[in-house]
1. Considering segment 83-100 alone, what residues qualify as being at pLDDT below 90 and more than 24 Å from the chain's Cα centre (by Cα)?
2. May I ask you to list the residues in segment 113-140 that are surrounded by fewer than 12 Cβ atoms within 10 Å (Cβ to Cβ) and either at pLDDT below 90 or not in a helix (DSSP H, G or I) (or both)?
3. Could you tell me whether VAL60 is more than 30 Å from GLU94 (Cβ to Cβ) and among the β-branched types (Val, Ile, Thr)?
4. Spot the failing condition for GLN32; the list is (1) on the phi > 0 side of the Ramachandran plot; (2) at pLDDT 90 or above, and only one is missed.
5. Checking GLY24 against (1) in contact with a strand residue (DSSP E or B) (Cβ under 7 Å, 6 or more places away or on another chain); (2) assigned to a helix (DSSP H, G or I), only one condition comes out false. Which one?
6. Of the conditions (1) buried (at least 16 other Cβ atoms within 10 Å of the Cβ); (2) in a helix (DSSP H, G or I); (3) not aliphatic (A, V, I, L, M), ARG75 clears all except one; give me its number.
7. Just need a number here: residues in segment 63-82 that are of a type outside the set (Lys, Arg) and at pLDDT 85 or above.
8. Consider LEU23 carefully, then state whether it is more than 30 Å from LEU144 (Cβ to Cβ), of a type in the set (A, V, I, L, M) and modelled with pLDDT under 80.
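The values are calculated or read from the model by the stated rules, or taken from the named source; none is laboratory data. Quantities reported herein were computed from a predicted structural model and do not represent experimental measurements. Please note: Cβ atoms are built from the backbone with ideal geometry, for glycine as well, and neighbour counts cover all protein chains shown.
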Amino acid sequence: MTEPAGIRGLWRPVLLYAAALALGAFALEWLQYRFWARTIPLEIMIGLIGAAFAGLGVWVGMRLTRQAPPAPFVRNEAAIRSLAITPRELDVLEALVSGDSNKELARTLGVSPNTVKTHIARLFDKLDVTSRIQAIETARDLRLIPAAGDTPTPTSRSDG
């Protein structure tokens, strides 16, 4: 029987945590636990042990949940060429993410609202979608525009 991929990666941190617990128990014995138990009140001893294991738990948790930094966004130039999306249509597609109206997009891009409508209609046809949301989702899936968590790169804009 094989283990799920998520469990396979957990053995090492679990073993490290168990080893740390064993080392902690050994350290308590080595520091003459009976002496410390008699001179330090029980509440303080429990607090110290709890704080040590809480710190160890935070450390193990940080090790388990560490994530690699997101890869920089790289535009899919092949998809842009195959769909025959012009640089201006790409500008409109990037501006669609803002959720602005056609008038606001036209003002931002320095064109008329009718030009924005034309570009949007052509994008809908080229992406085979019927709404702005679908256009944005399809463009993100095709890597034409950055997704929410992508880090932009200075060369991600195509001018040709």
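1. Matches in segment 83-100: ASP100 only.
2. Residues satisfying the conditions are ASP128, THR130, SER131.
3. It is true that VAL60 is more than 30 Å from GLU94 (Cβ to Cβ) and among the β-branched types (Val, Ile, Thr).
4. Looking at each condition in turn, GLN32 falls short on (2).
5. (1)
6. (2)
7. Here the count works out to 7.
8. Spelling it out, it is not the case that LEU23 is more than 30 Å from LEU144 (Cβ to Cβ), of a type in the set (A, V, I, L, M) and modelled with pLDDT under 80.
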